Amino acid sequence: MKKVTKTAKKNISPQKTKQSKFIFVVGGVMSGVGKGITSSSIALILQARGLNVTALKVDPYINVDAGTMNPTEHGECFVLHDGLETDQDMGNYERFLNVDLPSVNYMTTGSVYQSVIRKERNLEYKGKTVEVVPDIPLEVIARIKTAAQLADADVTLIEVGGTVGEYQNVLFLEAVRMMKGEMPENVAVVMVSYLPVPGSIGEMKTKPTQTAVRTLNNAGVFADVIIARSPVGVDQKRKEKISRFCNVKIENVISAPDVPSIYDIPLNFEKDNLSTRLCELLNLQHSKTSDLRGWKQFVAHSKNGRDTVKIAVVGKYLTSGDFVLSDVYISVIEAIKYSTYKLGLKPIIEYRSSLEFEDGKKLSDLKKYDGVLVPGGFGKTGIEGKLKVIEYVRKNKIPYFGICYGMQLAVLEYARNVLKLKDASTEEINPKAADLVVGIMPEQREKIAKSDMGGTMRLGAYVAKLKPKSQAALAYKSAEVTERHRHRYEINPDYIEAIEKAGMVFSGTSPDGRLMEIVELPKIDHPFFVGTQFHPELMARPLRPHPLFTAFVRASYESKA
């Protein structure tokens, strides 16, 4: 196993940080208002001005990282190149900026407290009394400055999770206040707030935003820019009202109406000259013109597909009460889109719960899809439904892409139905099965026994070698690739020879040949049947679609009935 750490942590003193500029993004009125996409969009439009930009996420959770959070409550866990499990907004930053971000760019309340307590135990505070204030905010500030220095950033975007007024993020707002006091010329605050248009009234209301701004002011923090989120564009009268009562210049009230695609948002911001306003606020030396040509071309392609391709994403984490929670698989969904746009097509993506296929009655529904993707996951729930789906698409030659658990289950289904190992299973589902085709990685067994679960999986970027002329090698156009992982279980090497004799090919392995990274069926037997142990969706970018997703979408389109 060769792990790749492109962005290794360094012990850098924050006092040596170059004079970076800092933009904090906070949210008002309600959660889910779009702070992550706003931060990503601001980062992009400043990058388009020729500035070196990095982005951070501050999450107000006691969890040390996002790896132990339930995806149906928190959404996708995004894994960075160096292995940290983070919030899905880190994925947005990487996709918009087209960069790999280091783990120092993500922090939670839990990780900050853990660090302060560790330092106290190591006598790094030299015997002084350690207090919540100022020591927790100072730790936050040190991390922000370290991230800025590591990136050699002209501008550092920091998204503060949660909504102003919540107890959870008050210490992070204190860090904002302290930084603003320390370097007032180099810190700007952007509030993303919501302006509702109640149906029974029919008028856009600014009062919730006024209240949110005053709540922010009570923390000693004052907004320089207000991003006015709303169902429709904000008119001049409402801008004047917000400017007057929130003490923000009217040109710094930016309209952010609902749009068909998140990728339109940076272009809409530039219509209101947001990058110019921020550069003026922070006295940033920048290019006179904004170079968003590549982004504009991508957005145009996303709207001008010549034909459609219909993909089913069959997962187990798709419901939250009465609602479909697609954020659980957001990187997968966006990766499908990028490859579809590259091929000049329009994606139709439907979410199907694996539970609905367990009795086998709805399997024929899969015929209406051009391709089927089974993403990663954990545990027993919905697994029999996934196995039935995989068997159906294999036999009916519907293009299939399995990721992580989706690869393991593809091998398991093949062992049961082709090798006739009827008791074949994965150790995760049935550790007492006669044929454990998928087993726990040896280094993980002791961790599970000790309930040492947080941040202990095989995480981050590792190298894989590809079999020449395989579908994987043809897609990548390379003999070696680096991809990000998040798993505890692996294909049992005791069964590899029998599986390959039956016709399945392990086309990607770790450099030492011990771990199976990619499995596929030969193209002569199936138009596209590929599974990866890693998570290729984490490396897909709007301007750099992932080659395996592109190969999957192409095969799906070519196999249309």
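Across the chain, where is the longest run that never hits GluC sites (Glu not before Pro) in a DSSP loop with at most 15 other C-beta atoms within 10 Å?
Answer - 204-561.
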Per-residue ellipticity at 222 nm attributable to helices in the chain (runs of n ≥ 4 DSSP H, -39500 (n - 2.57) apiece, nearest 500 deg cm²/dmol) works out to -10500 deg cm²/dmol
Note on segment 305-558: alpha-carbon gyration tensor, axes a ≥ b ≥ c; rule is a/c under 1.5 for rounded, else prolate if a/b larger than b/c, else oblate; result rounded
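Kindly put Tyr400, Tyr414 in sequence by how many other C-beta atoms sit within 10 Å of each C-beta, fewest to most.
Tyr414, Tyr400
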Honestly the chain on the Cα gyration tensor test (a ≥ b ≥ c root eigenvalues; a/c under 1.5 rounded, otherwise a/b vs b/c for prolate or oblate) is just prolate
Once the in-chain neighbours fewer than 8 apart are removed, the aspartates and glutamates whose Cα is under 12 Å from Lys128 read Glu120
Final fewest-first order of Ile518, Ile37 on the 10 Å Cβ neighbour count is Ile37, Ile518
The size of the Cβ-based charge dipole (Lys, Arg +1; Asp, Glu -1) of the chain about the Cα centre, to the nearest 20 debye, is 1020 debye
The ³J(HN,Hα) series, computed from each phi in segment 405-420 with the Karplus coefficients 6.51, -1.76 and 1.60 at θ = phi - 60°, rounded to the nearest Hz and given as x for glycine or proline, is 4, x, 6, 4, 6, 5, 5, 4, 4, 5, 5, 5, 9, 9, 7, 6
A correct fewest-to-most ranking of Arg177, Arg486 by other Cβ atoms within 10 Å would be Arg177, Arg486
The chain: relative contact order from alpha carbon pairs under 8 Å, six or more residues apart, as a whole percent, is 16 percent
Where a ≥ b ≥ c are root eigenvalues of the Cα gyration tensor, a/c under 1.5 meaning rounded, otherwise prolate if a/b exceeds b/c and oblate otherwise, segment 467-536 counts as oblate
For Lys119, the aspartates and glutamates lying under 15 Å Cα to Cα, once residues fewer than eight places off in the same chain are dropped, come out as Glu131, Asp135, Glu139
As straight-line cross-link partners of Lys465, the qualifying aspartates and glutamates (C-alpha separation under 14 Å, not fewer than 8 residues apart within one chain) are Glu480, Glu483, Asp512, Glu517
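Where a number appears in this text, it was derived from the coordinates with a stated rule and is not lab data. The shown structure was predicted, so the numbers you read here are calculated from the model rather than taken from an experiment. Please note: Cβ atoms are built from the backbone with ideal geometry, for glycine as well, and neighbour counts cover all protein chains shown.
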